[in-house]
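S.K.: Provided herewith is a single structure, encoded as structure tokens, for subsequent inquiry.
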Ligand code: SF4
């Protein structure tokens, strides 16, 4: 079976949420997911030399046909906070893109689709860029840096074949917008990567294969603002009532 970092992360937050995300049907998408995807597409296209505007990319995500991985999206967007309004996000994305595109060096590769077979599961993923010999991921929003980010970096190092240098570029919307580079040292540690495979990815793949999808209502992302399946879960899931 194929498994990606986003599937692992979704399952670890709440197995029910992962389950709902894989069902065909009418499911609203969270604004944060849409903006993140649009930002990555914007950067990849700009790096390839396309003069595409933030507005065009954004509107194709907000109103156009969902991407192949979003075949269950009904076109509605869940705005968890007024900060996610499209007009605000357009400015935000433009600032972030300007900062990334004005960096003195350019990436060696962008949007690298990789897979790696581990026998009982296949890890898949898209790495934002290879930059100065490092794997790079762009974060449009600065959140608290938490273990999920290290897990994401580890998954990308595994996809790259093993210990690798890894850097996040995190965008901060301060008075003067800025990019913060964050190096993740764990991605260079084979023992840590083995631990991730054996203690996180493999058990998650096994649980998904077994159809084990309990709800996790105690997670701090279990809310209307952060779970696109909140309403469905309330009607049909373990949060019913
Ligand atoms: S509402 Fe909570 S329990 Fe239900 S799927 Fe979402 S995160 Fe899980």
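The values are calculated or read from the model by the stated rules, or taken from the named source; none is laboratory data. Computed from a predicted model, the values in this text were never measured in an experiment. Virtual Cβ from ideal backbone geometry, glycine too; neighbours counted across all protein chains shown.
S.K.: Which condition number in (1) away from the ligand (no atom under 16 Å from the Cβ); (2) within 19 Å of the chain's Cα centre (by Cα); (3) under 22 Å from residue 178 (Cβ atoms); (4) modelled with pLDDT under 85 is the one that residue 93 fails?
M.R.: Here residue 93 meets the rest and fails (4).
S.K.: Closer than 21 Å to residue 138 by Cβ, modelled with pLDDT under 90, surrounded by fewer than 18 Cβ atoms within 10 Å (Cβ to Cβ) and in contact with a strand residue (DSSP E or B) (Cβ under 8 Å, 6 or more places away or on another chain): does that describe residue 29?
M.R.: no
S.K.: Sort out which residues of the stretch 187-223 are over 19 Å from the mean Cα position of the chain (by Cα), within 16 Å of the ligand (Cβ to nearest atom) and exposed (fewer than 15 other Cβ atoms within 10 Å of the Cβ), and write them in order of number.
M.R.: Listed by number, the residues that qualify are 211, 212, 214, 217, 218.
S.K.: Let me ask something else about it. Given the conditions (1) closer than 28 Å to residue 34 by Cβ; (2) touching a residue at least 12 places away in the same chain (Cβ under 8 Å), which single one is not true for residue 174?
M.R.: All conditions are met except number (2).
S.K.: Would you confirm whether any residue within the stretch 138-155 is part of a loop (DSSP other than H, G, I, E, B) and modelled with pLDDT of 95 or more?
M.R.: No, there is no match, as no residue in the stretch 138-155 is part of a loop (DSSP other than H, G, I, E, B) and modelled with pLDDT of 95 or more.
S.K.: Quick check: anything in the stretch 176-186 more than 17 Å from the chain's Cα centre (by Cα), modelled with pLDDT of 85 or more, closer than 27 Å to residue 136 by Cβ and part of a helix (DSSP H, G or I)?
M.R.: Yes, the stretch 176-186 has at least one match.
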